[in-house]
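Inspection log for the structure reproduced underneath, given as structure tokens.
The values are calculated or read from the model by the stated rules, or taken from the named source; none is laboratory data. No experiment lies behind these values; they were computed from the predicted model shown. Counting neighbours? That spans all protein chains shown, and the Cβs are built from the backbone with ideal geometry, glycine included.
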Amino acid sequence: MKLITGLGNPGSKYAGTRHNIGFMVAERLAQGNGIALKKKGHQGIYGVGRVAGRETTILLPQTYMNLSGVSVGSACKSLAVDLGDLIVIHDDIDLPFGVLKIRTGGGHGGHNGIRSIREVLGSGDFIRVKVGVGRPEAGGDVAGHVLKVFSAEERGKLDNVVDNSAKAVETILLQGVPIAMNEFNNRDIST
């Protein structure tokens, strides 16, 4: 069983914000693979089906970003998911908008959702799909930046970013992390 988790904040107040890009990608992945995200459990909303031929659960934690680990930890334990079978999709302010980076392991990089997951699982040895949302201007408020909606110019390219991020996850499942890294890492996926 693969567990794909998109990080974000629940509720209409946060829909379409930079912090919710993980939700957007996970929802697109579910939609593209005919998986209905209608089940409730693990303090989240989830669906089960097949992605790239693999039995997969797609989870959207409903705990708010800072407590994502509660939901992810519950799902990992209940589904007996190994860390190597967990893929977490999240926003990254250290990457420009439209740039993707796949990595396994590492620290939390200041991301509270990843920090929470690492604390609950006791390890950071899971796969991350980091979707660039850019930084605020020098001296700008980071929290305010990630909780804002995308600019009009970014919204024009957002569908491509979300589609290509979903393709990156499918490539991980089909061909493995190294091949997906070679294909997607540090490339502009907004065009």
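So here's what we get for this one:
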| quantity | calculated |
| --- | --- |
| Members of region 124-155 found to be more than 15 Å from residue 19 (Cβ to Cβ) and touching a His at 6+ places or on another chain (Cβ under 6 Å), listed by number | none |
| Of the criteria (1) free of Cβ contacts under 8 Å to residues at least 24 places away in the same chain; (2) assigned to a loop (DSSP other than H, G, I, E, B); (3) buried (at least 16 other Cβ atoms within 10 Å of the Cβ), which one residue 108 fails | (3) |
| Verdict on residue 59 being in a helix (DSSP H, G or I), touching a Ser or Thr at 6+ places or on another chain (Cβ under 8 Å) and at pLDDT 95 or above | no |
| Of all residues making up region 62-92, the number that are out of contact with any strand residue (DSSP E or B) (no Cβ under 8 Å at 6 or more places or on another chain) and not in a helix (DSSP H, G or I) | 3 |
| Output for region 55-72, where each listed residue is in contact with an Asp or Glu (Cβ under 9 Å, 6 or more places away or on another chain) and either more than 20 Å from residue 24 (Cβ to Cβ) or hydroxyl-bearing (Ser, Thr, Tyr) (or both) | 69 |
| Which numbered condition residue 31 fails, given (1) touching a Gly at 6+ places or on another chain (Cβ under 8 Å); (2) not in a strand (DSSP E or B) | (1) |
| Exclusive hit being closer than 24 Å to residue 184 by Cβ and modelled with pLDDT of 95 or more, set 74, 78, 68 | 68 |
| Subset of region 116-148 [outside any helix (DSSP H, G or I) and surrounded by fewer than 17 Cβ atoms within 10 Å (Cβ to Cβ)] | 122, 123, 125, 135, 136, 137, 138, 139, 140, 141, 147, 148 |
| Number of positions in region 56-103 that are surrounded by fewer than 17 Cβ atoms within 10 Å (Cβ to Cβ), of a type outside the set (D, E, K, R) and over 21 Å from residue 142 (Cβ atoms) | 4 |
| One residue from 20, 9 being in a loop (DSSP other than H, G, I, E, B) and either under 30 Å from residue 154 (Cα atoms) or basic (Lys, Arg) (or both) | 9 |
